[in-house]
Structures are given as structure tokens and as C-alpha cells.
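Just so it is clear, none of the values below were taken in a lab; they were calculated from the coordinates. This structure is a prediction, so every number in the text was calculated from the model and none was measured. Here Cβ is always computed from backbone atoms with ideal geometry, including for glycine, and neighbour counts include all displayed protein chains.
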Amino acid sequence: MEVSNFHHVEFTVSNALQASFWYCVNFGFEKFAERKAKNWKTNEIAIRNGKVILVFKCPMLSNVKELTDDLIIHGDFIKDVAYSVDNIENVVQRILESNGFILSPIKIISDKNGSVKIAKIASLQGSLVHSIIQNIDYKGIFLPNFNSIENFTLSQKLGRIPILSLDHVVENYDEDITESVADWYGKILNLTRFWSIDDNQVYTNFSALKAQIVSNSSNEVQVTLVEPVPQNTKGRGQIREYLDFHGGPGIQHIAFKVDSIISIVAEMRSRGVQFLDIPDSYYDQLAKRLDGTPLRVKESLEDIQKQQLLIDFDENGYLLQTFSKPMQDRPSLFVEIIQRNNFNGFGAGNFKALFEAVEAEQQKRGTLIQ
Ligand SMILES: [Fe+2]
């Protein structure tokens, strides 16, 4: 009895048409479905790429308080990470037992293509919520009452960039809470602790963080929980920066899994996606690190450096990953592209490299020093 998969990720935005266009063009998604509320209060546009579905929901009238209140605080942001479950009654029961907050109890929604059961719960801290969805017999394109729509002409012309699935999501929190959040995900969604890293490993002269990863048994659902660690620091750490600009805890990044990261990142760059710069010293050290192992990396080190990818590995396999610059004006949400070659780990060796690369960006935009 546990979550089986990410179902979709829902953004609250002020303009779903434009936001969905931006993700379609930059990341090779296809616009495919739309749901207008009967009273014309909200519109939702769904885009897909591989198994990843992103939904953009916006208010259509000025009095849609549940959306406009959030937009004032956060701007455009990820409101809902929705999970597929195989027994929704059990999940809701566990939430009630662990004093969880149910925003919307189980209901059945249907159209001519069948029905699903859906409930919505609050997360432990911040505006993030989780829809919990159990399919009954639904065979339509997405969810009941979403109608099929044409893709954008430009994204049709540019073509799809082959993304496979949502690899993981990362949630940023305030200090001293991720332990209880990890327990909470364990209790309600049966996600178990997979790995953790602390401030002795991830720090710079300016700031530090710690993180925990929880996952389901198949590892298809992985959630990282990150919090800042206060120190005698000279500046505002990147998790604090996120909390300040996002307006509280929330989703820091989502990771798209791919299987040919070199060409995919090159294509995304050509469409305008900007990725973090990795210092040359990382690649000098990498050549030495790889020299000492029997591991064979099929991509050339030259291509890896050209696309500014990070690599982590053990004796059996490796992963390649890269991180975009922020997806909006605020330095809050970003996107990761990840390729796994027989490696289920978490880029532990890269956590510090990422931390330093983000901090270099902070320094450039002038938000590091308070
Ligand atoms: Fe990540």
C-alpha cells in the first residue's frame, strides 16, 4: 500500500496559455488537454512529454481567492505534486491518523471515458499540496473533463525532446523540520528514507544545508527534502534565498529523466534554456577520479564538459545531470535533466558541486550577501 508513481505536477500561474507555451518550446513538451471550469473561474492547460505531465492552472476571474492569494505570495509556482495510488481509502485513513490535513475528501469524478477517485491533502509546511489519485476505469487522455486540444504550432514545428519521466522532486523547507517531514511522508505515503547528507558534507564559506531523500520501493517516486543549516555565515545561503524569494517552503526543482543527455541538453540550449556553469577545475578532477575506476562512461569527457554536465558514479554505473537557471524572474524553481546508467544513487558526489555552482550564480545576481 503505497504511492506507485508521480501522477502529474500542477503549477498555479497567472496566465496558463503563456506559461505552458514556454515549457513546451524550451523543453519539447506537447500541449494536449484543457479543462475550463463550468463557471469560467479557472482554466487548466496540460502538456506532456514521455510520462511527465505538467498542468498550468490560472484564474479567469478576479475573485478566485484560492489561486490569487497564492499568486500574490509566490508568483507562478508549483502548487501540487500529484501521486497515483492503488488504495486511496488507505492513504486518507493514514492521513487522518497522523493528524494530516485533508483539503478535499475523496470524491469520484467522471466523464464519458470513465472515473477516477481523487482527494487533496496539505503538505506539512508551506503552500504545497498533494492530489492523491486512484484510477477506477478511466481511459481518457488525462483526467475527467479535460478536452483534447491542438499543440502550439511552434512546439509542433520544433518537435519533441525525448524526456522519459519525472525522476524526482526537491522540496525546500525551513530549518529543523525535514526530519519530521520525512517521518510524515513515511506515515502517509509509505515513502522510506533512502539517503541523507548533512552540513558536514555540503557547505561553503557562506552557507550550508542538509537533505534527506525518501522514496517508494521501486524508486519511481523520489522526493528530496532540503533545509538550510544556520552557521556563522557571511551570507544568505541558497535555501534561505529560495525561502525568501518563493515566500516560504516549496518545490525547489523537478528532475526530468532522459536517456541521451548530451544531445538533449544541446537541443534545450539551442531553444534558449540556460544551464548552470560548472568550473573547469571540476573536469580536471573528474578525469583523475575516473582514471582510478574500471567504469566505462560511453559519453566522451569532451562532450560532458561542453554541455557542463556533472557526473557521479560507483563501480557499477553512473549518472549525468545538469541544472537550469531559474524558470521565472525569482531565483526559486529550476529544472534538472538527469540520465542514469545503472545508477540509482543521488549524485552525492555532486551535491557540493551543485551547491557551489548555485552559489556562484547567487554571487552574480547579488543576492548572496545580506
Ligand atoms: Fe535533483
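Between D284 and I72, what length comes free when the chain is fully extended (0.36 nm per residue of separation minus the Cα-Cα distance, one decimal in nm)?
On the way: separation 212, 0.36 × 212 = 76.32 nm, distance 4.52 nm.
Fully extending the segment from D284 to I72 adds 71.8 nm.
Take the cross-link list K306/K364; K120/K352; K187/K210; K41/K157 and give me the ones stretching past 27 Å between alpha-carbons.
Going by Cα-Cα distance, K120/K352; K41/K157 fall outside the 27 Å limit.
Just to compare against my own numbers: the Cα pair-distance distribution for the chain, 20 Å bins, whole % per bin, please.
Over the chain, the share of Cα pairs per 20 Å bin runs 28, 60, 11, 0 percent.
Evaluate the charge dipole of the chain about its Cα centre and quote only its size in Debye, nearest 20, assuming +1 on the Cβ of each Lys and Arg and -1 on the Cβ of each Asp and Glu.
1160 debye
Report, for the chain, the % of DSSP beta bridges that are antiparallel, rounded to 5.
Given both bridge residues lie in the chain, the antiparallel proportion sits at roughly 80 percent.
I need the trypsin sites (Lys or Arg not before Pro) found in the range 1-100, filtered to DSSP loop residues with at most 12 other beta carbons within 10 Å of theirs.
Those satisfying the criteria are K38.
Count the DSSP beta bridges whose two residues both fall in the range 240-370, then state the antiparallel fraction as a percent rounded to the nearest 5.
Of those bridges, close to 70 percent are antiparallel.
Taking the range 218-284, which trypsin sites (Lys or Arg not before Pro) meet the DSSP loop condition and have no more than 13 other C-beta atoms within 10 Å?
Those satisfying the criteria are K234.
With just the Cα atoms of the range 3-158, tell me how far they stretch along each of the three principal axes, in Å, largest first.
Principal extents (Cα only, largest first): 50, 37, 30 Å.
Summarise the long-distance tail of P(r) for the range 1-88 by giving the % of C-alpha pairs beyond 15 Å.
That fraction is 60 percent.
Calculate, in nm to one decimal, what K36 and E89 gain on full extension: separation in residues at 0.36 nm each, minus their alpha carbon distance.
Going from the current span to full extension adds 16.3 nm.
Using DSSP loop states and a limit of at most 14 other Cβ atoms within 10 Å to flag GluC sites (Glu not before Pro), what is the longest stretch of the chain containing no flagged site?
Numbers: sites that count: E150, E175, E315.
In the chain, the maximal stretch lacking such sites is 1-149.
In percent, how large is the relative contact order of the chain, given Cα pairs closer than 8 Å and 6 or more residues apart?
For the chain, the relative contact order is 15 percent.
Say a site is exposed when it is one of the chymotrypsin sites (Phe, Trp or Tyr not before Pro), sits in a DSSP loop, and has at most 14 other Cβ atoms within 10 Å; what is then the longest site-free stretch of the chain? Mind showing how you got there, number by number?
Numbers: sites that count: W40, F101.
Longest stretch, sites excluded: 102-370.
Helix-derived [θ] at 222 nm for the chain: sum -39500 (n - 2.57) over DSSP H runs of at least 4, divide by residue count, nearest 500?
About -8500 deg cm²/dmol.
How high is the relative contact order of the range 55-213, given as a whole-number percent (alpha carbon pairs under 8 Å, six or more residues apart)?
17 percent
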